[in-house]
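Reviewing the structure listed below.
The values are calculated or read from the model by the stated rules, or taken from the named source; none is laboratory data. None of the values given here were measured: they were computed from a predicted structure. We place every Cβ from the backbone using ideal geometry, glycine too, and count neighbours over all the protein chains shown. Just the protein is used for accessible areas: all its heavy atoms, side chains included, with ligands, DNA and RNA removed. Shrake-Rupley method; radii C 1.70, N 1.55, O 1.52, S 1.80 Å.
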Amino acid sequence: MQKKQTAVVGGSPILPQQAPPLRKDDELIASFKAGDSTAFDDLVLKYERRVYNHCLRMVSDEVESYDLAQEVFLKVFRKIKNYEHTYSFYTWLYRITVNCCIDYLRKKRRHIQEVSLSSSPGEDQGEVCKDQDIPDLTFIPETALVNQELGDTLNAAIAQLSEKLRVIIILKEVEGFTYEEIAEVLACSRGTVKSRLFRARERLKELLADYMNIHRDSAK
Amino acid sequence: MGYRTLVEHNGSGNVSDYPSLEVKGMSKQCKEYSVDLSAYFDGELEGEALLKLEAHLPSCIACRSDLQKLQRIRNALTSLASTPPGKRPILEALREKLAKETEEDPQKGPLVC
Ligand SMILES: [Zn+2]
């Protein structure tokens, strides 16, 4: 399992020493605006994994998250000429990512409501049960299965949070953003960040009560 | 004093190490602190609120136990694996999409602003 990425603030993840130095976001944006299309490629390569994983935590669907990540970068591509340095590129990118996920979830909710009103139960199952939705567990070793079980528990808990609480807990605990950065991404006040994070944690305490009792020692 | 310092200061961080402390759960006063406690855990509490909470914490087992719960949640969430995006690099799919768009509507491309 991969540990949390630290020091991602400002868009520069800590890299192994032997890796070639990456161009800074501002340099990449300036190069792209000046006509260097490889600069955009570098931005995508630098952030695709983080954007994809944020989408995955938000929508819990690998295929949809892949499409959403593409949509995010398409928007970045189209909007980057208007990007102002009021916020860091990293914050701006997350703002687009969060909005894409929320839009998707709203559309999905509307669609589910429409389907449930217009069709009989089971009718839509052909669409839902795509091949990609069924994980292949055949060759996963036992330890990985245990970790997977924990991952499933956590992801299920995250999925049960409301969108507002979900996004804030992901930005804080998974991405490691500060309150100020979260406030920028969500265009809300620091006070709102503080109170929503509290509510998200209260809800998670309830949802993960069993897990927390088993892992009492892990806080040391 | 931050959350880390507090846990270290208290040795093992095991709440049962403090026999003199009240163990009846959160009092009304503690509930008033709970939002601040979450911000304190993040190192985001400042000013008077920080001073008040820091004065309260050493004598309150319930709040310290709550801090440990927050840490357990954090430990769990940070252990979540980050997965690579699908079988095919996003960049590849993106290039195709942009090329197709440019073909259909040359106004939109090429890959330069
Ligand atoms: Zn207390």
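Brief remarks on what is shown
- Selection status of residue A:73, at pLDDT 95 or above and either at the interface with chain B (Cβ under 9 Å from one of its Cβ atoms) or in contact with a Gly (Cβ under 7 Å, 6 or more places away or on another chain) (or both): yes
- Residues (of a type outside the set (Val, Ile, Thr) and more than 9 Å from chain B (Cβ to nearest Cβ)) located in segment A:30-54: A:30, A:31, A:39, A:42, A:43, A:46, A:47, A:54
- In segment B:21-40, the residues that are within 8 Å of the ligand (Cβ to nearest atom) and away from every other protein chain (no Cβ under 13 Å): B:27, B:29, B:30
- The set of residues in segment B:41-55 being within 15 Å of the ligand (Cβ to nearest atom), open to solvent by 10 Å² or more (accessible area, probe 1.4 Å) and either closer than 24 Å to residue A:173 by Cα or modelled with pLDDT under 95 (or both) consists of B:41, B:45, B:49, B:50, B:54.
- The residues of segment B:32-83 that are part of a helix (DSSP H, G or I), of a type in the set (S, T, N, Q) and within 25 Å of residue A:161 (Cα to Cα), listed by number, are B:34, B:38, B:65, B:68, B:71, B:75, B:78.
Conditions tested, residue by residue: (1) among the basic types (Lys, Arg); (2) within 16 Å of the ligand (Cβ to nearest atom); (3) open to solvent by less than 60 Å² (accessible area, probe 1.4 Å); (4) modelled with pLDDT of 85 or more.
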{"position": "B:60", "(1), (2), (3), (4)": "no, yes, yes, yes"}
{"position": "B:65", "(1), (2), (3), (4)": "no, yes, yes, yes"}
{"position": "B:70", "(1), (2), (3), (4)": "no, yes, yes, yes"}
{"position": "B:76", "(1), (2), (3), (4)": "no, no, yes, yes"}
{"position": "B:84", "(1), (2), (3), (4)": "no, no, no, yes"}
{"position": "B:90", "(1), (2), (3), (4)": "no, no, yes, yes"}
{"position": "B:97", "(1), (2), (3), (4)": "yes, no, no, yes"}
{"position": "B:103", "(1), (2), (3), (4)": "no, no, no, no"}
{"position": "B:109", "(1), (2), (3), (4)": "no, no, yes, no"}
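- The residue that is farthest from residue A:151 (Cα to Cα), among those in segment B:24-81 that are acidic (Asp, Glu) and free of Cβ contacts under 8 Å to residues at least 24 places away in the same chain, is B:48.
- Residues that are part of a helix (DSSP H, G or I), surrounded by fewer than 18 Cβ atoms within 10 Å (Cβ to Cβ) and in contact (Cβ under 8 Å) with a residue 40 or more places away in the chain within segment A:65-99 comprise A:81, A:95, listed in sequence order.
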